[in-house]
Amino acid sequence: MKTSIATVSISGNFTEKLDAIAAAGFYGIEIFEQDFLAYDGSPRDVGRMIRDKGLEITLFQPFRDFEGLPGALRTKAFDRAERKFDLMQELGTDLVLVCSTVHPESMGGIDRAADDFAELGERAAKRGLRVGYEALAWGRHVNDHRDAWEIVRRADHPNIGLIVDSFHTLSRKIDPETIRRIPGDKIFFVQLADAPLIDMDLLYWSRHFRNMPGEGDLPVADFMRAVTATGYDGPVSLEIFNDQFRGGSSEGLARDGYRSLIALMDDVRRAEPGLRLNAPEIPPRVRVDGVSFVEFATRAGEAEALAALLAAMGFTHVGDHVSKDVALWQQGDIRIVLNRETKGFASTAYAMHGTTICDVGLSVSDAHATTERALALAAKPFEQPVGPGELQIPAIRSVGGSVLHFIDEASGLADVWSVEFKPVGQGTTGAGLTRIDHVAETMSYDEMLSWSLFYTSIFDMARAPMVDVIDPDGLVRSQAIQTPDGAGRITLNGAETHRTLAGGFLADSFGGAVQHVAFASDDIFASAEAMTGLGFAPLPMPGNYYKDLEARFPLDPALLARMQGLNILYDEDTTGAFFQFYSRPFAGGIFFEVVQRVEGYDGYGGPNAPFRIAAQKRLMRPKGMPRQT
Ligand code: MG
Ligand code: MG
């Protein structure tokens with residue numbers, strides 16, 4: 001597959017863009033004239049530099065307002081075309097994109113446009129160049145790929161072909177299946193972009209909100225399936241205009257783009273098994289069965305406080321690592337690892353963030369296939385030397401430089417707890433916590449799209465709708481990524497300012513990732529009471545919260561009183577009910593949560609978040625005092 005990306009999709013100056021695109025593994029680039037206007041070199045130098053970096057120029061664009069012009073304007077348009085052709089030959093590319101005209105004096109008419117393209121095709125052929133015609137969604141006369149194709153068909157010239165762009169087709173809700181009727185050899189180029197579904201002016205939407213395939217809501221895979229079915233096997237190119245991306249890192253954006261293309265073509269290959277597709281075969285999206293463990297890097301007093309908190313929540317210290325200063329705490333299927341090593345990755349993570357969740361282990365269907373897929377999708381590998389008798393557990397880098405390990409039953413990795421840990425201590429009755437319900441990761445808002453693509457492209461997980469969480473000091477966006485059965489749940493929380501609780505955590509932990517871990521209980525009242533008996537101090541909720549709750553939901557007064565006594569919060573929707581309570585924040589803003597889902601409730605108690613955040617802030621930052629954490 002010839003992977004390509006428009007230079008406008010990436011931040012940075014021209015050479016930074018090229019370096020990032022080449023490093024991500026792309027075959028080529030679409031070049032915009034304005035890209036290299038600021039670059040001090042001739043078009044010939046620019047072309048040479050691009051090829052020296054191992055990239056081809058797959059397309060030159062744009063050439064605007066060409067077709068349907070009268071008289072002198074028409075002559076001028078052909079003159080402009082000749083100058084573009086000069087430039088293309090100097091750069092060393094043979095294909096130019098002509099987008100459908102928006103010129104106020106242009107005239108409609110399929111045949112008029114076809115005649116213009118037939119003549120342009122003649123001129124291009126003399127130089128060995130090709131011209132591709134694209135229907136802009138806001139074109140004056142042509143705004144539909146079906147009309148653009150009819151013009152190309154009637155132009156009937158071997159050097160004139162069609163360019164299809166998923167944004168222009170899908171933003172106008174044109175059925176992508178109509179592309180299947182077009183001969184693949186008359187499609188000269190394919191551009192891909194996704195976008196969030198927002199009802200706004202098409203041009204504004206296109207110029208500011210496009211994103212990578214899989215990051216938005218458009219059926220880009222259906223579009224690409226139709227394109228592939230025509231027999232097209234030329235470049236597949238990302239053309240993404242996004243304001244947020246302009247401030248992002250060029251390497252990160254190029255990597256996300258590459259990841260989105262590989263994942264998309266894998267989806268197309270699986271959906272169209274009859275097609276021969278020139279795309280790498282990679283393992284399918286991985287089934288996640290839950291969170292197997294979370295590992296803290298911690299030391300000294302903080303480690304002791306954390307162990308005491310775990311004990312008060314009903315956890316038992318069940319094992320110690322055979323050779324390392326690593327303790328395993330367990331309750332039900334929940335495993336919490338406390339790593340006090342002064343060497344290795346956990347130690348580095350501690351030095352950087354203080355007490356932090358440095359590692360999350362996911363239970364997956366096949367751990368080795370997971371890393372194979374993840375690495376094919378440009379995830380960063382993680383390995384550290386293993387001691388004698390230790391298992392090499394597959395892992396990759398994740399949010400904030402943390403690590404994601406993969407554990408499965410099939411390859412014996414799930415035995416790590418008996419192989420690497422010697423049992424200590426006595427089992428207690430615990431507090432009825434059964435499993436990890438979700439892990440909540442905090443990041444800057446700019447990174448959310450990237451990490452949601454990371455999870456949804458590697459794993460069989462999907463995005464839930466984004467929710468705004470009102471922090472008294474600013475907005476936090478929250479997006480859940482979850483498996484179809486809800487067994488694996490990760491929430492991404494994007495902070496825009498350091499004054500929010502999430503933003504403060506990011507600042508204080510120097511970019512820590514996991515801010516809270518939620519444990520499931522089948523009887524949250526029994527769990528809360530058992531924990532009270534063990535000395536657990538919950539996050540205190542103010543009386544006003546319960547008054548508000550009483551006004552919002554028809555709750556039994558006895559139940560409400562019981563909830564208030566145990567600081568339990570409540571939410572419900574049409575599918576079911578949700579109970580939750582929190583620990584007090586520790587070590588710079590990390591906290592635990594206990595939840596009970598009743599019937600089909602699939603959310604995370606979003607409406608309670610402002611109350612929870614206010615309660616946490618009261619504890620963390622007493623009035624008139626400097627910040628304590
Ligand atoms: Mg386009
Ligand atoms: Mg939560």
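The values are calculated or read from the model by the stated rules, or taken from the named source; none is laboratory data. Note that the structure is a prediction, hence the values are computed from the model and not measured. Positions of Cβ are backbone-derived with ideal geometry, glycine not excepted, and every protein chain shown enters the neighbour counts. Heavy atoms of the whole protein, side chains included, go into the accessibility calculation; ligands, DNA and RNA do not. Shrake-Rupley method; radii C 1.70, N 1.55, O 1.52, S 1.80 Å.
With respect to the stated conditions, G488 fails to be under 18 Å from G511 (Cα atoms) and open to solvent by less than 10 Å² (accessible area, probe 1.4 Å).
Against the test of being crowded, with 23+ Cβ neighbours inside 10 Å, more than 16 Å from ligand 2 (Cβ to nearest atom) and not aromatic (F, W, Y), the options G109, G121, G161, G128 yield a single qualifying residue, G161. Taking the stated definitions as given, is D65 among the acidic types (D, E), within 16 Å of ligand 1 (Cβ to nearest atom) and either under 27 Å from S106 (Cβ atoms) or touching a strand residue (DSSP E or B) at 6+ places or on another chain (Cβ under 6 Å) (or both)? Yes, satisfied. Pairing each residue of the range 534-560 that is within 17 Å of F578 (Cα to Cα) with any residue that is surrounded by 14 or more Cβ atoms within 10 Å (Cβ to Cβ) and polar (S, T, N, Q), provided the two are 6+ apart or on different chains, yields C-beta distances under 6 Å for M541/N567; Y546/Q564. Cβ-Cβ contacts under 7 Å between residues 6 or more apart (or on different chains), taken from a first residue in the range 592-604 that is farther than 15 Å from S527 by Cα to a second residue that is among the β-branched types (V, I, T) and away from ligand 2 (no atom under 13 Å from the Cβ), are listed as E599/T575; G600/T575; Y601/T575; D602/T575. Residue count for the range 189-204 under the criterion of being within 16 Å of ligand 1 (Cβ to nearest atom) and either modelled with pLDDT of 95 or more or touching an Asp or Glu at 6+ places or on another chain (Cβ under 9 Å) (or both): the result is 7. Going through (1) open to solvent by less than 20 Å² (accessible area, probe 1.4 Å); (2) assigned to a strand (DSSP E or B) one by one, A615 falls short only on (2). If you check A148 against the conditions, is it away from ligand 2 (no atom under 16 Å from the Cβ) and within 28 Å of A221 (Cα to Cα)? It is true that A148 is away from ligand 2 (no atom under 16 Å from the Cβ) and within 28 Å of A221 (Cα to Cα). From the list D485, D468, D437, D460, the lone residue that is free of Cβ contacts under 8 Å to residues at least 12 places away in the same chain and either closer than 27 Å to Q392 by Cα or within 16 Å of ligand 2 (Cβ to nearest atom) (or both) is D468. Only one of the numbered conditions (1) open to solvent by 10 Å² or more (accessible area, probe 1.4 Å); (2) within 16 Å of ligand 1 (Cβ to nearest atom); (3) free of Cβ contacts under 8 Å to residues at least 40 places away in the same chain is violated by V98, and that is (1). The lone criterion from (1) touching a residue at least 60 places away in the same chain (Cβ under 8 Å); (2) over 21 Å from T7 (Cβ atoms); (3) open to solvent by 10 Å² or more (accessible area, probe 1.4 Å) left unmet by G231 is number (1). Determine, yes or no, whether A528 is away from ligand 1 (no atom under 16 Å from the Cβ), out of contact with any helix residue (DSSP H, G or I) (no Cβ under 9 Å at 6 or more places or on another chain) and not aromatic (F, W, Y). Against the criterion (away from ligand 1 (no atom under 16 Å from the Cβ), out of contact with any helix residue (DSSP H, G or I) (no Cβ under 9 Å at 6 or more places or on another chain) and not aromatic (F, W, Y)), A528 does not qualify.
List, please: which pairs have Cβ atoms under 8 Å, are six or more places apart or on different chains, and start with a residue in the range 184-207 that is of a type in the set (G, A, S) and end with one that is part of a loop (DSSP other than H, G, I, E, B) and away from ligand 1 (no atom under 16 Å from the Cβ)? Close Cβ pairs (under 8 Å, with a partner that is part of a loop (DSSP other than H, G, I, E, B) and away from ligand 1 (no atom under 16 Å from the Cβ)) amount to G184/T230; G184/G231; G184/D233; A195/D217. Filtering the range 141-163 to residues that are touching a Gly at 6+ places or on another chain (Cβ under 9 Å) and either without any contact (Cβ under 8 Å) to a residue 24 or more places away in the chain or farther than 21 Å from K126 by Cβ (or both) leaves H141, V142, D147, A148, L162, I163. One residue alone among G354, G401, G361 is in contact (Cβ under 8 Å) with a residue 60 or more places away in the chain and more than 21 Å from the chain's Cα centre (by Cα), and that residue is G354. Within the range 598-612, being within 12 Å of ligand 2 (Cβ to nearest atom) and more than 13 Å from N567 (Cβ to Cβ) holds for G603, Y604, G605, G606, A609.
Considering the range 59-92, the residues that are under 36 Å from the mean Cα position of the chain (by Cα), open to solvent by 10 Å² or more (accessible area, probe 1.4 Å) and not charged (D, E, K, R) include one that is farthest from ligand 2 (Cβ to nearest atom), namely G92. Only one entry in G54, G28 is small (G, A, S) and on the phi > 0 side of the Ramachandran plot, namely G54. Among the residues of the range 276-295, those identified as open to solvent by less than 50 Å² (accessible area, probe 1.4 Å) and not hydroxyl-bearing (S, T, Y) are L277, A279, I282, P283, V286, V288, G290, V291, F293, V294, E295. Within the range 234-248, if we keep just the residues that are small (G, A, S) and surrounded by 18 or more Cβ atoms within 10 Å (Cβ to Cβ), the residue that is farthest from D19 (Cα to Cα) turns out to be G234. All of D243, D267 fail the test of being touching a residue at least 40 places away in the same chain (Cβ under 8 Å) and not β-branched (V, I, T), apart from D267.
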